[in-house]
Structure formats: C-alpha cells, structure tokens
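The structure under discussion appears below in the form of structure tokens.
The values are calculated or read from the model by the stated rules, or taken from the named source; none is laboratory data. Here the structure is a predicted model, which means the values were calculated and not measured. FYI the Cβ positions are ideal-geometry reconstructions off the backbone, even for glycines, and counts take in every protein chain you see. Accessible surface is based on the protein model in full, side chains and every heavy atom, while ligands, DNA and RNA are left aside. Shrake-Rupley method; radii C 1.70, N 1.55, O 1.52, S 1.80 Å.
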Amino acid sequence: MRKGTSMHAQIGDRLLVESPVTGATRRDGEIVGLHHEDGTPPYDVRWSDTGEVTLLFPGPDAHVRHLGREETPMGGTGPAEPAAPAAGRPGDFGRRVAVARRRRGLSLEEVAGRARMSPQYLRYLEQRPSDPGTATVLRLADALGTSLAALRGDDQELPPGQGRALLRPRLTDLSPQQCRALLSTHGVGRIAFTGPDGPAAFPVNYDVMGEAVFFRTAPGSAPARAVGNEVAFEVDRVDEAMSRGWSVLAVGRAEAVEDVETCRRLGERAGTEPWAGGVRTLWVKVLPTRLTGRRIMPADG
C-alpha cells in the first residue's frame, strides 16, 4: 500500500474482495465490527457465503462499498472520508426486526447472541436503513422465531394464516383479564356491525381508556355508521412462522363521544394516529358487555 493511502469503513458497509486478474468479485461480506474509531482496518467481516465472522486486514484487492456512496479501494490515491451516517429514520427491515424483538420480550443483546452477531451491529440494523445479506437475515429470523419473508416484508400482500397447522394444536379460552391485557392500550382492530347495506367490517386504529374501546373516524364515513348499533370489535395476532395466535372479541353498543373534555383527553393520550390520515374528529366509544377470546398454541406449550 502506498504512503498516505487508507481505507475507512463503518458498521454495515460491504467489503468486496476482487480477483487481481479479472476484477470480478471473489468474495463479499458485511463489516460487523471495527477495531479503530476512525474506521481504519482491521475489520470483523461476516462473509455472505459462509456466515462466519473473521478478522480481516484488507489487501490491495479489497474494496469497501459504503451505504449510499462509492467504493473505496485499498491502495487508492489518497485518504477516503468515512461514509456519512445514513440520514432519516430506520429502514423497513430495521423496524421489522425491532418490532419482532420487542414482541418476544427480548433484549438487543439476547437477540444478537442468538444470531451470533455483535450487539453493535444489531443496533445499527435496527436504527439505520440497511439491506443485509441473506445469511444475516436467516440468522435473525431464527433468533426471533419468524421467517425470512416476514423480516423482509415479502409477505405483506398476503393474507395471514397460510402457514401449516400445528401437529398437536391446543385451543384455549381466554379470561376477561387476559383479553384486556391483549387489547393493550392501542393498536389496530376491526369494527363489525350491520348497517343499511348489510353486514360490514372495517379496520380502525383504536385506543383503550378504562373499560372502553375508542376509535376515531370522520363524520359521515363508513365506520361512523357504527354509532347507535350493537357492534363487534375484534383484535387478533397471528404468528405465521409458529402457526399460533390469539383473538379477542368485544361486543357492545357504539356511541359517539360528545363530551368536549373527554374528546380532548382522548386526543392527547392517543397511542396511534389514524393510518388513513385526514381530519377525523368523531370519537366512537364501545363499552363491552361481553369480552371473550381464544388462543391457539402447541399442546405441549
């Protein structure tokens, strides 16, 4: 390497090793660990062909591909600046990983250990836009008890429940206390009722305050027709990879919230903004007169 030349990298960059004869990439991997704060070699590299992490001192046939930047060759004509941190919010992959981890009540360190990667790298994946290799995604999917397709979002256009049934499933009824715990404080559920045009069901963002379920909609909208009717409000969760899940059903009368102070408090504490956007000023309250639920899981679980 000529004097004054250097290589700089950051966690998540890709390292390519090329053939000195043809220039074709012989091997590539993700940089998952740094040994110097300025991003100079050596690096811990997770190779895409084996999934193993090794310590590498790059030679002149190595190049670093920064996220969103040009490659930096080893042995270039001058020092290369470290890649600028990716701007903005976490990417879709990172959000899916973080959500799956929190749903299972696992710490970042626990998942990193299961996936055989450094917590620093997993934190990077969760917090920055990233596109890790297949081997990395498979290890994370295994560590989180989910699938490669789910982490990459390849199943977003498919209805849930296409996985195989459990060999020995067990269906159990949930107590009202368990149902309230699963309803949590907010989320997305379905409001169903019989309107002028017959039975109808709509997904809505909801919040829970006290014993009642609330959702916000626009006056005159289709969900607003639930007001004054006996309705069913349903929430569920399907774990596609494990072929298990639960559902909660609340039945009661839907009423428009007319008290200004209550509407103000609901707006201030709302855990979720309406995904559909727009101005939605009508709060609808459903106080359950019946609350039931069921869970499906392995018989030996």
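Structure notes:
- Evaluation of G187 against (1) more than 12 Å from W283 (Cα to Cα); (2) open to solvent by 50 Å² or more (accessible area, probe 1.4 Å) (one fails), failing number: (2)
- When the residues of the range 206-229 are filtered to those that are open to solvent by 20 Å² or more (accessible area, probe 1.4 Å) and within 21 Å of C179 (Cα to Cα), the one that is nearest to the chain's Cα centre (by Cα) is V208.
- Some residue of the range 280-297 being outside any strand (DSSP E or B) and free of Cβ contacts under 8 Å to residues at least 12 places away in the same chain: no
- Residue match in the range 196-205 (condition: open to solvent by 60 Å² or more (accessible area, probe 1.4 Å), out of contact with any Lys or Arg (no Cβ under 7 Å at 6 or more places or on another chain) and either in a strand (DSSP E or B) or hydrophobic (A, V, I, L, M, F, W, C) (or both)): yes
- Only listed residue being part of a strand (DSSP E or B), open to solvent by 20 Å² or more (accessible area, probe 1.4 Å) and of a type in the set (A, V, I, L, M, F, W, C), chosen from A250, A232, A254: A232
Yes/no matrix, rows are residues, columns are (1) in a helix (DSSP H, G or I); (2) modelled with pLDDT of 85 or more; (3) more than 28 Å from V238 (Cβ to Cβ):
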site: G39; (1), (2), (3): no, yes, yes
site: G59; (1), (2), (3): no, yes, yes
site: V64; (1), (2), (3): no, yes, yes
site: G68; (1), (2), (3): no, no, yes
site: L106; (1), (2), (3): no, yes, no
site: E110; (1), (2), (3): yes, yes, no
site: Q120; (1), (2), (3): yes, no, yes
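- Test: residue in the range 170-177 that is surrounded by fewer than 17 Cβ atoms within 10 Å (Cβ to Cβ) and modelled with pLDDT under 85: yes
- Sub-8 Å Cβ pairs linking a first residue in the range 142-153 that is part of a helix (DSSP H, G or I) to a second residue that is surrounded by fewer than 15 Cβ atoms within 10 Å (Cβ to Cβ) and modelled with pLDDT under 80, at least 6 apart or interchain, are L148/T134; L148/D154, ordered by first then second residue.
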